[in-house]
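Heads up: the structure comes next, in structure tokens.
The values are calculated or read from the model by the stated rules, or taken from the named source; none is laboratory data. What you see is a predicted model; the values in this text were computed from it and never measured. Note: ideal-geometry Cβ built from the backbone for every residue, glycine included; neighbour counts use all protein chains shown. Each accessible area value is taken on the protein alone, full model and side chains, heavy atoms only, with ligands, DNA and RNA left out. Shrake-Rupley method; radii C 1.70, N 1.55, O 1.52, S 1.80 Å.
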Amino acid sequence: MNCFSLYDLWKCSNQNFIYTNKLFYEIFFDTRCIINGKIGVYFCFEKNFDQAKNYINEAIEKQVIAIVSPFKINIKKCPILIYHNPIQLLQKFAKKYFSQFEHLKKIAITGSNGKTIVKEWLFQCLNDHYSIIHSPNNYNSQIGVPLAVLQTQYKHKIGIFECGISLPNEMKNIENIIQPHIGILTNINKKHVENFSCTKQLIEEKCLLFNNVKTIFCYCNNYFMYNFFKEKFKKQEIIIIGEKKFCDIQLCFFKKNYIYIRIFSKKYCFKVQIQNRNILFNLLILISVLYHLGFSTIAIQEKILRLQPITMCLKITHGIFNSMIMCDTYGLNLLSMKIAINKLKYLFNKKTIIIIIDSLLNKKSYFNLYKDIINFLNSIIVDHIFLIGQFKKKHKIISTNSISFFVSINSFINSFNKVNISNASILIKGYQIFKLKKFINTLENQSHNTLLEINLNSIYHNIKFFRNCLNKRTKIMAMVKANAYGISEYQIAKFLQYYKIDYLCVAYSDEGVILRQNGIYIPIMVMNISNNSYDDIINYNLEPEIYSLKILTIFLNKLKEKKYIKKKFSIHIKIDTGMHRLGFQKFEIHNLIKKIKKNMLYIDVKSIFTHLVATENKKDYNFILKQINLFEQCYKQIIEQLDCNPLKHVLNTHGVINYLNYQFDMVRIGIGIYGLLSNNNKHVLKNVITLKSKISQIICLKKGDSVGYNRIFIAKKNIKIGTLPIGYADGIFRKLGNTNFSVLINNKKIKIIGAICMDMMMINIKQNNYNEGQEVIIYGEKNSINNIAKLCETIPYEILTSISVRIKRIFIEI
Ligand SMILES: *Cc1c(COP(=O)(O)O)cnc(C)c1O
């Protein structure tokens, strides 16, 4: 593992020195992911002082060696380096470190799409010949690039780095760190190219990466861009790649499994396994770079046929024996291994099992990489490691964790004891995971062909959307009642905690208990408390919504009975301002205050809130304002007499959209997390939920044949129909049957016919050539839950919460 010295880090800051020769091995920038603090330095990138202080304290608790902070904070437990812009310091440090590898050939890749694929493919093709450092996953940002270059070692001969930008002026920094020799520009979005003048700035910005390179490879499919490049890069050798005649390397045409290309003046034909046009251009870039590096066309042909599919995705599912299974198909390198393990350890702090499979590397670098990974794993506790690859006895590896080596997939599968994975979280990592597909399917217990796919990137996007709407100090309470609107028992809550949501809210105390038992430590409000929930509330540190004097009295008695005086217990007061469900009416506030005053030793009013009756649109504007007005009177009355300062909150998802001025201290977001808004604003959120199934059987019907119960559907001509293994017991409303709704196959609408059965339904595939096993999207981005809700005369909430628990949930990150 690479090591760095505190002395060098301090020196980089140019402001003061540290007299120590202490070394560190890791850079932490996310306190959640510090597993073994004793080996690293924490860089605090937080801009809010209070929040930064919290993170720094957490890092100290985790015993980090030193801290870099943008704020002056007085700490004694470890050295602290104050630097106004820690990201900039990290970049300076990385640049300094990286500059010592003068012999390294550096390739930098940018563009709108295809960066990661081109990077991973180049790696796959070159690593037979050279020892390579390449950036992990999609670590291409202001932080990702420095972290990636800090992994470089003397043995590396080629560095391949992916570079992305989200704001102007960022590329300059990245160029300055890497100073690449070869630049690659993959595809720039079609949309962008059409209004080239508008996005000229973007392309110019991206091209800053190439200011000092020798050679540039540009994908280019229009004349404007061509001229732009030729104008701009007069000093550099520039190789234009694309379909047009003016290209230096041109895709002439492709037919079935062959592509015909022209490289300068010579024509070649290559056999390929790829059909997708956009991906073909990435392949063309790859071929161009290999050609430039001196590989013969025969060698190139052999390499491109061996390319491994790159799915690049992280998938998390529930497995057999109460295990959690995380499949990570990002390329294997040390940093990407660390990222995966950090996530696994954070999300599921259970028994940890790691399975690594990859035999793509050349034997020597392969062994070195495994050694590095095992060294890293020695610094954390793992229950068992399985390595599948080409091992030789002479390769001695010292591991403090228990470890098994396998030279073949079969020997691994035969000796793997599934019972041992009970209650474990399992990481399966490597490009070649697909070779373990059957094995993984048995672990995941994939007996059912229907899946509910939950896109975590979209959830993150949606939360960010709401954060951006709100003032900086406004907190977000995520409503995860009813198993997060029917989506998952505790996983969604866990991801929300990972995304640093401030508060969670459930309906009943047993839901809160499940969250606590699964490692959720952020505050949880419970809305409906009853006689048998008080013990759980107290034992699991849940925070009750107090909605009547009666329950306050019982709760206080319980606290007194348990002699609960370690600290004040947090409660939330609900005011009824018009919903007339639960809550104090205005006339009761006086007595409430009296009661609380008498018991200040036991309880702390953490928040006061009300619920608005109609926020989807502004139709009930006057009523809503009346509600808010009444609420504010009650709030004022309470805080004046109790002399406290509780959080004040009224808005739900649509409240934030339509009544943003009343965000107060916190908002309560539910349906918005899942990307479902009822009005035209819906495009601002991303789709989270996709329900998929597979055709289990296809049969042919003759004209006049009927389908399903009560012969609702009669074929008007000869057709083919397919049966899907999902029905009303899974939450597919019967209203959707009888040609009322269509599922999607390859984006094509296919009608549901006949009556929907309990566990199955039938679709009319007409004369389309589908096979059994064909994937079908029942709803998702293009086939929205909102439409279904309308058709069924209900709201998206009811559709979500009706998805049956027997449908397997899969969480993905792409
Ligand atoms: C469910 C609930 C919310 C969230 O509503 P959405 O419309 O899903 O955002 C907010 N507040 C209370 C009291 C709730 O019960």
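Data for the structure
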read-out: Accessible area in the full protein assembly, largest first, 1.4 Å probe, for Val613, Val688; value: Val613, Val688
read-out: Exposure rank, largest accessible area first [His611, His84, His590; 1.4 Å]; value: His84, His590, His611
read-out: Residue order for Glu102, Glu26, Glu444 - accessible surface, 1.4 angstrom probe, largest first; value: Glu102, Glu26, Glu444
read-out: Compactness index (Cα Rg / 2.2 N^0.38 Å), the range 59-187; value: 1.18
read-out: Positive dipole terminus of the chain, leading residue within Ile75, Asn333, Tyr460 (C-beta point charges); value: Asn333
read-out: Binned Cα-Cα distances of the chain, short to long, each 20 Å bin given as a whole percent; value: 13, 40, 37, 9, 0
read-out: Which listed pairs, of Lys429/Lys749; Lys500/Lys562; Lys106/Lys350; Lys475/Lys790; Lys315/Lys464, have C-alpha distances above 30 Å, in listed order; value: Lys429/Lys749; Lys500/Lys562; Lys106/Lys350; Lys475/Lys790
read-out: Over the range 422-528, equivalent-ellipsoid semi-axes from the Cα gyration tensor in Å; value: 30, 18, 13
read-out: Distance between the range 209-271 and the range 2-41 - C-alpha centres, whole angstrom; value: 44
read-out: Net lengthening on full extension, Cys469/Glu793 (0.36 nm per residue, minus Cα-Cα); value: 113.6 nm
read-out: Two-site FRET efficiency, Asp643 against Lys595, from Cβ-Cβ distance with R₀ of 22 Å, rounded to 0.05; value: 0.90
read-out: Within-11-Å neighbourhood charge of Ile459 [Cβ basis; K, R +1; D, E -1]; value: +1
read-out: Calculated SAXS-style log₁₀ I(q)/I(0) at q = 0.19, 0.30 Å⁻¹ - the range 399-444, Debye, Cα scatterers; value: -0.72, -1.50
read-out: The range 736-804 pair-distance distribution - Cα-Cα, 5 Å bins, rounded %; value: 3, 15, 25, 27, 20, 7, 3, 0
read-out: Mean separation of Cα contacts under 8 Å (6+ apart) over length of the chain, as relative contact order %; value: 8
read-out: Solvent-accessible heavy-atom area per residue, rounded to whole Å², over the range 724-814 at 1.4 Å; value: 47
read-out: Under 14 Å, Cβ to Cβ, from Ser402 - net charge with Lys/Arg +1 and Asp/Glu -1; value: 0
read-out: Separation of alpha-carbon centers, the range 129-193 and the range 756-814, rounded to whole Å; value: 40
read-out: Whole-percent pair-distance distribution, where bins are 5 Å wide, for the alpha carbons of the range 555-646; value: 3, 13, 22, 21, 16, 12, 7, 4, 2, 1
read-out: Surface per residue (accessible, 1.4 Å probe) for the range 284-374, Å²; value: 31
read-out: Residue among Phe161, Val145, Ile428 farthest towards the positive dipole end of the chain, charges placed on Cβ; value: Phe161
read-out: Per residue value of the accessible surface for the range 21-132 (all protein chains in place, 1.4 Å probe), Å²; value: 44
read-out: Sorted peptide list for 249-260, 509-520, criterion being average Cβ within 10 angstrom, highest first; value: 509-520, 249-260
read-out: Calculated [θ] (222 nm, deg cm²/dmol) that DSSP helices of n ≥ 4 give over the chain, each run adding -39,500 (n - 2.57); value: -9500 deg cm²/dmol
read-out: Gain upon complete extension [Lys76, Lys748; 0.36 nm per residue less C-alpha separation]; value: 235.5 nm
read-out: Rounded to 5, the percent of DSSP beta bridges in the chain classed as antiparallel; value: 40
read-out: Percent RCO, i.e. relative contact order, over the range 462-573, from Cα pairs under 8 Å lying at least 6 residues apart; value: 19
read-out: Under 20 Å from Lys271, Cα to Cα: lysines that are on another chain or at least 8 residues apart; value: Lys255, Lys256, Lys303
read-out: Extension gain from Asn113 to Ser804, taking 0.36 nm per residue of separation minus the Cα-Cα distance; value: 245.1 nm
read-out: Packing rank of 153-164, 578-589, where each peptide gets the mean count of other beta carbons within 10 Å, highest leading; value: 153-164, 578-589
read-out: Solvent-accessible area, 1.4 Å probe, carbon plus sulfur percent, for the chain; value: 50
read-out: Cβ-derived FRET efficiency at R0 22 Å, Glu775 paired with Lys435, nearest 0.05; value: 0.55
read-out: Unit charges on C-beta of K, R, D, E only; dipole of the chain, Debye; value: 1220
